[in-house]
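Working notes for the structure below.
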Amino acid sequence: MSQNRPETTNELAEQARASNVEMSERVCLDMSHFKSVLRHLRKVDDNIILRMNTTNTAAAGECQIMFGVLQTAYARRDHDIEYCLRVLDRKIDERRAENTPSFSLQTQRRWLDGEHGVERIVRRRTLDVFRTRCPFFELPKEYIDILESKQR
């Protein structure tokens, strides 16, 4: 197996769960580390696209499995971004209570909040490929809304 491209669906699922990647307060407060973690977590989308291009996605089961992997990856990234936003909010509040400037934390929080937009773009790109490769798979409404939001 290649380091960058999981060979099996189980490996893709494990990459989506990213149980070997720990999200902690320390990671949240270190922008370069957090960016690195997000890059790692977003590789799932790239690997899914590669896998779908080499898999018989006419089989409904394959599409269901791939979609499950995507849902897991999206939930993990959403959780991590929200967790870090809460960490930064708490740190900013602590600094405020101490009458200490928190400009760098506020900048970091704005950047992190912007990651929601990046997530929407990544998801749209992946879901576009998914919909093309699995045209008969019925996406839940929330994912159709993501795809349709690119027109707005």
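Screening residue 96 on (1) open to solvent by 50 Å² or more (accessible area, probe 1.4 Å); (2) of a type in the set (D, E, K, R); (3) modelled with pLDDT under 90; (4) under 21 Å from residue 112 (Cβ atoms) shows it passes everything except condition (3). Scanning segment 27-55 for residues that are more than 15 Å from the chain's Cα centre (by Cα), under 23 Å from residue 124 (Cβ atoms) and open to solvent by 60 Å² or more (accessible area, probe 1.4 Å) turns up 50, 53, 54.
If you scan segment 56-86, which residues turn out to be closer than 11 Å to residue 134 by Cα and open to solvent by 60 Å² or more (accessible area, probe 1.4 Å)? Working first, answer last.
Taking segment 56-86 first, the residues closer than 11 Å to residue 134 by Cα are 56-64, 66-67.
Scanning segment 56-86 gives 56, 58, 60, 64.
The values are calculated or read from the model by the stated rules, or taken from the named source; none is laboratory data. These figures come from a predicted structure and were not determined experimentally. With ideal geometry, Cβ positions are generated from the backbone for all residues, glycine too; neighbour counts draw on all protein chains shown. Accessible surface areas use protein heavy atoms only, side chains included; no ligands, DNA or RNA. Shrake-Rupley method; radii C 1.70, N 1.55, O 1.52, S 1.80 Å.
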